[in-house]
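Encoded as structure tokens, the structure appears first; notes follow it.
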Ligand code: FAD
Ligand code: NAP
């Protein structure tokens, strides 16, 4: 196995910040991955996929694993459903497109999310009312410390909003994911923006839903090749009833989604706007003009510049609304 030394990580994160990996490898199979982990027992280790949800603030003093495992195969199929295993390094949207082309339903709302298949369960990617946990049956992994293989059923993954056992522990390299998809597609309204884009079409095809989401995302989100970013920087905060009431006193128009009797979700983008961070720029870092939740890199290579900007935002939102925003993006 070819392990490289002193590799620049700027091309491997969509924020385009600098940092060198002491060691860097690209295993193409589960066996190769296990072997290399066992070869370097004393090095700390980090897996990266497309680098769309992380950035570097310094050099990485350890082994960076950038898996290159490709391929899909059918696990099970009958008249109504199909189970497909996709390898970790498959491009997420290519896989979604393949499923939509074949009328396999369940992933279409997650169209155009920049990701590898292997990273999708890590933060339980979600959009337009769907989370990937809804269609995952099995996550296949290798322990990052021992090189041993372990399969996780859906329940073992401990999926939560933008979270999972994989994100919390960092102990596993995901090598493939098994998805259970339906062969019959029926649109159910879950997200008002999407229904509006479908212009009142109550019975869209799976292809029409994917196309509508691609149009919305292309309109709203910056191209990370032109304006480096990592998507929404903060998670949306969940509030108790009392916290929600206090927020409404300060911001009567606050967006509130009821999760259950004592749990309410508000919008981080709205809080940022109200705190004065709409299209705000501080040096080479700022909020995106069409979406405050997206922090944009206007030309720095220093991850610390991004950290300083987001700390300033967190302090200001807390001072004004008594809410600590929690980053979704990982910093190393
Ligand atoms: P990376 O950024 O490389 O890694 C993310 C985390 O996963 C890291 O902690 C890494 O260590 C770990 N990881 C990566 N691969 C593996 C693996 N094989 N095994 C174990 N751990 C691994 N997210 C959403 O949920 N919904 C959205 O709608 C959405 N929209 C976005 C839009 C834009 C423009 C951008 C830039 C990002 C968006 N994101 C969204 C965030 C991002 O797309 C997801 O977090 C995605 O899953 C990241 O995939 P990746 O392969 O780039 O992972
Ligand atoms: P939006 O439609 O402007 O909505 C703002 C927030 O309100 C969203 O974050 C969403 O929460 C919440 N929301 C809207 N309708 C809801 C409903 N019916 N029930 C519960 N919550 C609701 O959001 P947007 O920023 O343009 O993004 C559209 C979708 O793509 C969202 O699902 C968002 O999560 C996803 N997205 C994610 C990222 C990322 O990097 N994580 C980047 C871009 C877009 P949810 O986030 O829980 O849906």
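The values are calculated or read from the model by the stated rules, or taken from the named source; none is laboratory data. Just so it is clear, the structure is predicted and the values come from calculations on it, not from any experiment. Cβ: placed from backbone, ideal geometry, glycine included. Neighbour counts: every protein chain shown.
Just a few scattered comments:
- Subset of region 197-230 (residues that are surrounded by 12 or more Cβ atoms within 10 Å (Cβ to Cβ), part of a loop (DSSP other than H, G, I, E, B) and within 16 Å of ligand 1 (Cβ to nearest atom)): 221, 222, 224, 227, 228
- Note on region 171-196: residues that are within 15 Å of ligand 1 (Cβ to nearest atom) and surrounded by 15 or more Cβ atoms within 10 Å (Cβ to Cβ) amount to 10.
- Taking the listed residues 282, 229, 201, 258, the one that is within 14 Å of ligand 2 (Cβ to nearest atom) and modelled with pLDDT under 95 is 258, with no other qualifying.
- The lone exception for residue 326 - which of (1) in contact with a strand residue (DSSP E or B) (Cβ under 9 Å, 6 or more places away or on another chain); (2) more than 16 Å from ligand 1 (Cβ to nearest atom) it fails: (2)
- Qualifying residue in region 127-143 (condition: assigned to a loop (DSSP other than H, G, I, E, B) and either within 30 Å of residue 38 (Cα to Cα) or away from ligand 1 (no atom under 13 Å from the Cβ) (or both)): no
- Reported count of residues in region 169-196, each being under 24 Å from residue 264 (Cβ atoms) and assigned to a helix (DSSP H, G or I), is 5.
- Residue 122 meets the conditions (1) surrounded by fewer than 22 Cβ atoms within 10 Å (Cβ to Cβ); (2) touching a residue at least 40 places away in the same chain (Cβ under 8 Å); (3) within 16 Å of ligand 2 (Cβ to nearest atom) in every case but one. The failed one is (1).
- A single entry from 103, 98 fulfils the requirement of being surrounded by fewer than 17 Cβ atoms within 10 Å (Cβ to Cβ), away from ligand 2 (no atom under 13 Å from the Cβ) and in a loop (DSSP other than H, G, I, E, B): 103.
- Residues of region 1-27 classified as at pLDDT 95 or above, assigned to a loop (DSSP other than H, G, I, E, B) and more than 13 Å from residue 173 (Cβ to Cβ), total: 9
- With respect to being more than 11 Å from ligand 1 (Cβ to nearest atom), exposed (fewer than 14 other Cβ atoms within 10 Å of the Cβ) and not in a strand (DSSP E or B), residue 38 fits the description.
- In region 231-254, the residue that is surrounded by the most Cβ atoms within 10 Å (Cβ to Cβ) out of those that are closer than 16 Å to residue 161 by Cβ and touching a helix residue (DSSP H, G or I) at 6+ places or on another chain (Cβ under 9 Å) is 233.
- Any chance residue 272 is part of a helix (DSSP H, G or I) and either in contact with a helix residue (DSSP H, G or I) (Cβ under 8 Å, 6 or more places away or on another chain) or not assigned by TED's automatic domain parsing to the domain that holds residue 243 (or both): yes
- If only residues of region 237-255 that are part of a loop (DSSP other than H, G, I, E, B) and free of Cβ contacts under 8 Å to residues at least 40 places away in the same chain are counted, the one that is nearest to ligand 2 (Cβ to nearest atom) is 255.
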